[in-house]
Amino acid sequence: MSAPVAEPARRSIEVVAGVIRDARGRILLARRTEGRDLAGRWEFPGGKREPGESPEGALVRELREELGIEAEIGDHVITVPQQYPDKHLSLDVREVRAFSGTARGREGQALVWVPPHKLAAYEMPPADVPVVAALGQP
Ligand code: C5P
């Protein structure tokens with residue numbers, strides 16, 4: 001009988017992301033910069049939840065750090081479980097009800113405001129793809 005093969009330990013991370021709309025109803029995507037995983041893909045802005053943070057608190061912090069905006073968090077849109085080769089990710093997506101300030105890529109990331117019906121044309125990280133359908137877009 002062969003010895004059981006140990007499963008490699010997989011990290012599990014919780015990530016929060018926001019659906020940010022401008023006055024024309026366009027939705028903000030941010031491009032992942034070189035040197036990060038999934039570089040070049042367009043994502044709903046957000047990042048990792050830190051220990052002790054609520055999802056809303058984490059999203060407010062991430063949007064302040066990455067975009068320089070002060071966001072008010074609204075409804076839950078979808079939570080996407082996603083297995084990546086090196087980790088399991090849970091992507092918790094919320095509407096941003098309102099924000100103040102002008103969104104800028106403070107970490108060098110390109111930003112684009114996209115009409116909802118054009119979201120599917122942007123290459124996204126796998127976890128973000130189901131978000132487009134959850135927003136009612138084909
Ligand atoms: O941005 P950061 O590298 O901290 O994100 C942590 C992980 O979450 C990465 O693996 C990234 O690909 C993933 N992520 C995602 N969709 C987002 C934001 C982050 O899949 N909208």
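Computed quantities for the displayed model
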| quantity | calculated |
| --- | --- |
| Ellipticity estimate at 222 nm from DSSP helix runs (n ≥ 4, -39,500 (n - 2.57)) divided over the chain, nearest 500 | -4000 deg cm²/dmol |
| Calculated FRET efficiency for the pair residue 133/residue 11, C-beta based, R₀ 25 Å, to 0.05 | 0.40 |
| Cα centroid separation, region 29-52 to region 70-138 (Å) | 10 Å |
| Length-normalised contact order of the chain in % [C-alpha pairs under 8 Å, at least 6 apart] | 29 percent |
| Cα→Cβ-extended label distance, 7 Å offset, between residue 72 and residue 54, nm | 1.5 nm |
| Whole-number percent relative contact order across region 57-138, with pairs defined as alpha carbons under 8 Å at least 6 apart | 30 percent |
| Antiparallel %, DSSP beta bridges [both residues in the chain], to 5 | 70 percent |
| GluC sites (Glu not before Pro) restricted to region 45-138 and DSSP loop, no more than 15 other C-beta within 10 Å | 107, 123 |
| Difference of contour (0.36 nm per residue) and Cα-Cα distance, residue 84 to residue 23 | 18.5 nm |
| Within the chain: Cβ-based charge dipole about Cα centre, in debye rounded to nearest 20 (Lys, Arg +1; Asp, Glu -1) | 340 debye |
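Read-outs throughout are calculated quantities, based only on the coordinates presented, and are distinct from any laboratory measurement. Being a predicted model, the structure only gives us computed values, none of them experimental. Because the Cβ atoms are built from the backbone with ideal geometry, glycine has one as well, and the counts that use them run over all protein chains shown.
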